[in-house]
Each structure stands twice: as C-alpha cells, then as structure tokens.
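First up is the structure itself, then whatever we jot down about it.
Here, each number is a calculation from the coordinates, and none is a lab measurement. This is a predicted model, so every value here is computed, not measured. We place every Cβ from the backbone using ideal geometry, glycine too, and count neighbours over all the protein chains shown.
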Amino acid sequence: MQFRRQKGEEVTVNLTPLIDVVFLLLIFFMVSTTFTKETHLSLDLPEATGEESTDQPQQIEIIIDANGQYVVNGNSLVSSKKDIIAAALKEVAAGDFSLPLTITADAKTPHQAVITAMDVAGQLGFSHLSLTTKKPAGE
C-alpha cells in the first residue's frame, strides 16, 4: 500500500458576511436604544431634634399601626379605604380643614398606608400636615 499525501485546498473562512451581520446588529441596537439618564435622589433625612410644643390648639391625629389599620382621634376605622378615611376626617374636622393634622405611624407600617392618609388629607384641603418622629437614641 502506498500512501500519498494529497494536496488539500487551503481552507478559508470568508468573514465578510459575518462582519456585515455584526454591523447590522450594532446599528440596530444603536438606533433602538434610548439614551435617557435616570436620576436617583440621594436623601439625607434629618433627625427630629427640638422641643415639643405643649400648647397645641385642637388638632386631628391619625394613628396607623403596623398592619395598616387607621385610628382617627381615638376612633378605630372599620376599613382602610380612602372614602372611609375621608368620612372620618370630615366628621372630626367638622368643616374646619385649617386644623393641624398629625400622622403617627408605626416603624413597620407599610409606606402605602402613610401615603394614603396624606393623599386623603390633601384632597380634603388640610394644609397643616405633620408626621411624628421619635428622638434619636442617646439624646
């Protein structure tokens, strides 16, 4: 048996179609991408320091527990729906929406519950709104 080495043709890969596809994909992604710069707010929340006011006029207080249940001036609400909160605030305010409104929420209260109370108060026209905090530890 005689083995001869066959001369093979040189194998080449034509890269032109591959480069065309890559450039088309690059152009597609460049055209379809939106270049919006998203901004993130960096908040440095202040601590509550200062003296408590002892001579407060009549005010309305909303207390929200950790489960999102509302208490308006000592009266527990049956539901946490906006219309029930609004009805309770209207009854307590008796038409005087210039009274100061204080929202006291548990630290584990869902954020949505606090926002709902603020939203209802704003829709009714309360302009003097405050949130209660506690003094930092060590003071």
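Give the residues of the stretch 75-98 that are touching a residue at least 12 places away in the same chain (Cβ under 8 Å) and of a type outside the set (A, V, I, L, M), sorted by residue number.
The answer is 75, 80, 82, 90, 97, 98.
Scan the stretch 77-114 for residues that are under 11 Å from residue 64 (Cα atoms), part of a loop (DSSP other than H, G, I, E, B) and of a type outside the set (Val, Ile, Thr) and jot them down.
Once the filter is applied, which keeps residues that are under 11 Å from residue 64 (Cα atoms), part of a loop (DSSP other than H, G, I, E, B) and of a type outside the set (Val, Ile, Thr), the stretch 77-114 yields 77, 80, 106, 107, 108, 110.
State which residue is nearest to residue 103 (Cα to Cα) when the search covers only the stretch 56-82 and only residues that are among the small types (Gly, Ala, Ser) and surrounded by 13 or more Cβ atoms within 10 Å (Cβ to Cβ).
Our first condition is that a residue be among the small types (Gly, Ala, Ser); within the stretch 56-82, this holds for 66, 68, 74, 76, 79-80.
Retained after the next criterion (residues that are surrounded by 13 or more Cβ atoms within 10 Å (Cβ to Cβ)): 68, 80.
Working: 68: 13, 80: 15 Å.
The residue in question is 68.
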